[in-house]
C-alpha cells in the first residue's frame, strides 16, 4: 500500500514538473514563435484542451544584445580588456 502511495505521488510530481516546463517554455518562446513554434504551439494547444497550468509567473524583461541574442553577462569595455 505504501508503495502505491509513493508511486502516485511520484507520478503527480512528474506531471506537475512537465506541465510547469511546458508552460515556462511556451511563455519564454512566445515572442519567437515564428522561429521556434513548437514550444508555444504545444502550450497553446494544451491550454485550449483544458490542461490546467499553474498561474503564470510575473513577466521579467530579457535584454537583447545587438546580435539579437540575450546576454546574461554585460560585455566588458575595451579598456577593461587590457
Q. Can you name every residue in the range 39-55 that is out of contact with any helix residue (DSSP H, G or I) (no Cβ under 9 Å at 6 or more places or on another chain) and assigned to a helix (DSSP H, G or I)?
A. 45, 48
Q) Mind checking which pairs have a first residue in the range 26-37 that is touching a residue at least 24 places away in the same chain (Cβ under 8 Å) and a second that is exposed (fewer than 15 other Cβ atoms within 10 Å of the Cβ), Cβ under 7 Å, 6 or more apart or different chains? A) 27/56
Q.
If the requirement is being surrounded by 10 or more Cβ atoms within 10 Å (Cβ to Cβ), modelled with pLDDT of 90 or more, under 15 Å from the mean Cα position of the chain (by Cα) and not in a helix (DSSP H, G or I), which of these qualifies: 17, 31?
A. 31
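The values are calculated or read from the model by the stated rules, or taken from the named source; none is laboratory data. This one's a predicted model, so the numbers in the text were calculated from it and none came from an experiment. Cβ atoms come from the backbone with ideal geometry, glycine included; neighbour counts cover every protein chain shown.
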